[in-house]
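Every number in this text was worked out from the coordinates using simple rules, so none of it is lab data. The structure presented is a predicted model; accordingly, all values stated were derived computationally and were not measured. Cβ placement follows ideal geometry from the backbone for every residue including glycine, while neighbour counts extend to all protein chains displayed.
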Amino acid sequence: MADLLGEDFETATSAAQARTTVPVLLPIGPRKEIGVVWERAPNAKPVDPRKLKTIVERFDLPPLPDVSRRFAEWVARYTLSPRGMVLKMMMSAGDVFSPDAPRWGYRLAGPPPARLTPGRKRVLEVASEVGAAGVIWQKSDLANRAGVSYGVIDGLAEAGTFQRVELPRTTPPQPAPDHAPPTLSEGQSYAAHSLCETLNAGGFSVSLIDGVTGSGKTEVYFEAVAEALRLGRQVLIMLPEIALTGQFLSRFERRFGCRPTEWHSSISPGERARSWRAVAEGEARVVAGARSALFLPYRDLGLIVVDEEHDNAFKQEDNVRYHARDMAVVRGSLGKNAVMLASATPSLESVVNAQNGRYRQIVLPQRYSGAQMPELTAIDLRATPPERGRWIAPPLVEAINETLERGQQSLLFLNRRGYAPLTICRKCGHRIECPQCSVTLVEHRHRAEITCHHCGFTLPSPKLCPKCENEGTLVPCGPGVERVAEEVAERWPGVETAILSSDLVPTLKALREVIGRVASGEARIIIGTQLVAKGHHFPLLATVGVVDGDLSLASGDPRAAERTFQLLSQVTGRAGREDGVKGLGLVQTHLPEHPVMQAIVAGDRDEFLRREIEFRREAGMPPFGRLAGVIVSAKTKPEAEHHAKALAVAAPRAEKVAVLGPAEAPLALIRGRYRYRLMVKAAREVDMQAYLREWLTRMPPEKGSLRVVLDVDPYGFM
C-alpha cells in the first residue's frame, strides 16, 4: 500500500476543505433526504440562485471530522465509487437522525403475582440476588440472565411486581488501561514495549505483529491499546468475524475492566445509533467491530488494530468494493495514526511490505504458555481411504479415540456447510441445480431443505427425482459438516459434540453459546467450518483433523495456495495451545506431494512464502502487479456477452496494461443474472485508477438490464 499513500493530501486540500461536514435534512423533489454539507468543488460550475433550496433541518449531531471527509474522498477515488456511497457507509446509523427514543428499565416494586410460572420465578430470583436490591434492569439484561422472553417481564410489570422506569442517557464505560496488567513473557514484553514506543513517537506508522498461533498477539497489542488510552486517544480494533467477538470481549473486559463499544451487523438499530454518537463525541474510547467500523466518525483516533489481517472477510464484495486492511492503512496515513496488523499467517502483501521496510515487523516465534506447536501429518487418502460411505480415514479415527481416552477434545474441520453439496439421481443422472444460479443445491438435512448458498433459493428436500420422477433414487454426494457430524454420532455414540456452522447457529447469541460449550470442555468432538479457524482459544483441544485439505486448492483463484496455507495453518494451530496438552494436526489429502501440503506438514512457512513470492513476482501478480476486475451482468446471456465484448473493444491501449477476456464467469449465473468477466492486469507503477477512468469515458452506455461493476484489487474471481 505504500505507493497508494504517496498523494500529498495536505497540499491538495484547500483552506475551504478544512471545514468539517455537517449532517442536514434536504428537500429533494417531494422527498426529504439526509445529506452532508460538503465543500464546493474547485471546478464546479456556478449555480443559479433561483435553483437553490433551503435546508430543512440541521441535525443536532457532531459534524464529521475533516479526516473522515478526506477518507471518504480517497476511498471513492481509489475504488471508483460514487462519493455518496462511501458517505452512506459513514452515516450507517439511521436512528441517530431521529429523536432519542426513551429507554426503559425495570425494578422490583411489589409482591410476586398470584400466578408464578417457572419463568417468572427465575426472573424474581435474578432480581432478588444479593446486591440486586433497588437495581434498575434493562429488559434485555434481565431476560438474558433469567433465560426468558421479554413477554415474561412485561407480564410482571402489568402485575405490579416490576415498575417501569425511564433510563437516563448513558455513556459507554471507560476502559482502564491499568485495570489488570498481564504477566508477559520476555518476547511479549519486548514486542509490547516496541509498540508503545511507536505510539509515543506519534505520527503514521504500520507494524506487523507476526506471531505463531497461541503466541499471545492479543495480549501484546492490548498493551498498545492501553498506551493509546493513557495518551487520551480513541482505538479501533477490527475483527474479521462477529463469531470472534464473544471470547474477545471477555478477554478485553478482564484486561480493561469493561467491554469495548461493539459495531457489527448484529447490534440493534438503537444500539447502533448510540454507538455512532458516542464515537463522534469521543465518549467511546475503544471500538471493536467488523470492517464497517473503519468508517465511523472518530473524534480523536490514535490507533487502529487489524486482527487476523490476512482474513478474506475484510474484503467487501458489493457496493463500495474495498479491502478493510488496506483502507485501515490509508485511514492511518490520513489521520497520522499508528496502524497495527496482527496475524499468525500474514498476507503476502503485508509480508512483502515488511521485507521492503514499509512496515515494521515484530515476530513472536513461540507460544506464550510454553506449549509446543502441534505435530502435523498428512493422511494420504490414496493409501488409507475411509471406509465406503464414510469420510474419516482410519488414522484420524485412531487419533480421536486416543484423544477421547485422555479426556481431551478433537476438532474435525470441513469448510463446507450443510449435509451434502450435491444431490444426484442414480437412475437418470439428473443433478438438482438452482434455477437462478449455475450451482447445485446444497442439502440441509436438519431442515429437510435443499438450498442455494448464493441467492438463498430453497426447496423442501424432494422425494422424487424432478426429471424422471422415480422415488428413492436421489442420493447425496460428498460431505458437508452435517454429514460428518452424522458419522461422528455413529462412531462415537454418547460423546458430546458441537457443530460450528453459520447454518446451524444462525444468531450471534446461539453462536456464542456453542463456543462457550466448546471452550469449557463440555463438547468433546467439534465439527466446524472456517468459523473455528479464526482466533478461538479452546484449552482442551488436542487433535485437529482436516477432512478435505484439498478443497480450497481446486479453485482457479490466483491466491488459492496462499489461502489454503493460511486456512490449514490457522485451523491446525487451534490444537495444543495449553501447556500439557500435546497438539496433533492430521490433514486428509489426495495430494500429499503438493507444495502447500508439504509446507504445512513441515511447518516451513518461510519456504512457502519464498516460493509464493517468487511466483507472484514472475507472474506480475499482486503485490508486484495490479489487478482490476470488470464484471458485466444482464438478465440474458447474449445481452451480457455482447456488452462485455463491446467493453473489450473500447478498452484504451496502454503500455504495461493488458485487458484479458471477456470470458464467462466461473459462476456464470447468479441470482438470475448472466455474468462475464474482464480482467485488467498492469505493472505496479501504472496508475490503474486513471486507466479505468479513461475506459469509463469510452464504455458504451448501460441499457436495459445491463450492469457493469468495477472491482479494484479483486479478491474473488468467481
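What distance in nm separates the two pseudo spin-label positions at A683 and E398, each 7 Å out from Cα along the beta-carbon direction?
Label at A683, label at E398, 5.7 nm between them.
Relative contact order (percent) for the range 528-639, with alpha-carbon contacts under 8 angstrom and 6 or more residues of separation?
Details: 108 pairs, mean separation 28.4, N = 112.
With pairs under 8 Å counted, the relative contact order is 25 percent.
How do the peptides 499-505, 402-408 rank, highest first, by the average count of neighbouring beta carbon atoms within 10 Å per residue?
Put in order of decreasing packing, that is 499-505, 402-408.
Which peptide among 578-585, 454-461, 656-663 comes first, and what is the full order, when sorted by highest mean count of other Cβ atoms within 10 Å?
Averaged packing, sorted descending, gives the order 578-585, 656-663, 454-461.
In whole Å, how far is the Cα centre of the range 196-225 from that of the range 383-436?
40
Taking the simple approach of a point 7 Å from Cα along Cα-to-Cβ for both R358 and E496, what is their distance in nm?
Result: 4.8 nm between the two label points.
Can you give the local net charge around G716? Use residues other than it whose beta-carbon is closer than 13 angstrom to its beta-carbon, Lys and Arg +1, Asp and Glu -1.
Result for the neighbourhood of G716: +1.
For the range 251-329, calculate the relative contact order in percent as a whole number, restricting contacts to Cα pairs under 8 Å that are 6 or more residues apart. All intermediate terms of the calculation are to be shown ahead of the outcome.
Working: 70 pairs, mean separation 18.4, N = 79.
This gives 23 percent for the range 251-329.
For M85 and E702, what does the FRET efficiency come to when R0 = 25 Å and r is the distance between their Cβ atoms, rounded to the nearest 0.05?
Efficiency for this residue pair is about 0.90.
Which of the aspartates and glutamates could a cross-linker span from K463 if the Cα-Cα distance has to be under 18 Å and same-chain partners fewer than 8 positions apart are dropped?
Of all the aspartates and glutamates, those that pass the test against K463 - Cα under 18 Å, at least 8 places apart if same chain - are E433, E443, E449, E471.
Sum up the charges of everything whose Cβ sits under 11 Å from the Cβ of Q598, counting Lys and Arg as +1 and Asp and Glu as -1, but leave Q598 out.
Neighbourhood net charge equals -2.
For a protection proxy built on the mean count of beta-carbon atoms within 10 angstrom, sort 360-369, 388-397 highest first, please. Mind dumping the intermediate values first?
Working: 360-369: 18.3, 388-397: 16.4.
Those peptides, ordered most packed to least, come out 360-369, 388-397.
What number, rounded to the nearest 500 deg cm²/dmol, is the helix-based mean residue ellipticity at 222 nm of the chain, given -39500 (n - 2.57) per DSSP H run of at least four residues and division by all its residues? Could you put the intermediate results ahead of the total?
Values: 20 runs with 224 residues, N = 718.
Value at 222 nm, helices only: -9500 deg cm²/dmol.
I want to make sure I understand the PRE zone here: with the label point 7 angstrom from the Cα of E433 toward its beta carbon, which residues in the range 661-684 have backbone N atoms less than 16 Å away?
Counting only backbone N, you get 664-676.
Considering amide H positions built from the backbone, and no H for Pro or chain starts, which residues 5 or more places from V306, or on another chain, come under 5 Å of its amide H?
Result for V306 returns M238, M340, L341, A342.
Find the relative contact order for the chain and round it to a whole percent, using C-alpha pairs within less than 8 Å whose residues are 6+ positions apart.
Computed over the chain, the figure is 11 percent.
How far apart, in nm, are the 7 Å Cα→Cβ label points at S92 and E129?
3.4
Given 0.36 nm per residue, what is the gain on full extension from K336 to L591 after removing their alpha carbon distance, in nm?
Length gained, K336 through L591: 87.1 nm.
Which of rounded, prolate or oblate describes the range 663-718 when judged by the alpha-carbon gyration tensor and an a/c cut-off of 1.5?
Cα axes put the range 663-718 in the oblate bin.
Once the Cβ-Cβ distance between E253 and Q372 is put in as r, and R0 is 35 Å, what FRET efficiency do you end up with, to the nearest 0.05?
Here the calculated transfer efficiency is 0.70.
Compute the Rg to Rh ratio over the range 240-330 from the alpha carbon atoms, using the Kirkwood formula for Rh, and round to two decimal places.
Rg divided by Rh gives 0.94.
Out of all DSSP beta bridges with both ends in the chain, state the antiparallel percent to the nearest 5.
Of the beta bridges lying entirely in the chain, close to 50 percent run antiparallel.
Please give the FRET efficiency for D48 paired with V709, using the beta carbon to beta carbon distance and R0 = 35 Å, rounded to the nearest 0.05. Don't jump to the answer; show the numbers that get you there.
On the way: r = 35 Å, r/R0 = 1.01.
Efficiency computed from Cβ-Cβ geometry: 0.50.
Do any of K88/K509; K427/K645; K88/K336; K121/K534; K45/K315; K336/K681 go past 30 Å between their Cα atoms, and which?
K427/K645; K121/K534; K45/K315; K336/K681
Rounded, prolate or oblate for the range 592-718? Axes are the square roots of the Cα gyration tensor eigenvalues, ordered a ≥ b ≥ c, and the cut-off for rounded is a/c under 1.5.
oblate
Beyond 15 Å, what share of the Cα-Cα pairs of the range 117-191 is found? Please give it as a whole percent. Working shown, then result.
Working: 1839 of 2775 pairs.
So the pairs more than 15 Å apart make up 66 percent of the total in the range 117-191.
Gain in length, M718 to Q138, computed as 0.36 nm per residue apart minus the alpha-carbon separation, to one decimal in nm?
So the extension gain works out to 204.2 nm.
Give, in nm to one decimal, the length gained when the segment between D178 and E641 is fully stretched (0.36 nm per residue of separation minus the Cα-Cα distance). Let's see the in-between values first.
On the way: separation 463, 0.36 × 463 = 166.68 nm, distance 6.17 nm.
Once the chain is fully extended between D178 and E641, it gains 160.5 nm.
Which of rounded, prolate or oblate describes the chain when judged by the alpha-carbon gyration tensor and an a/c cut-off of 1.5?
rounded
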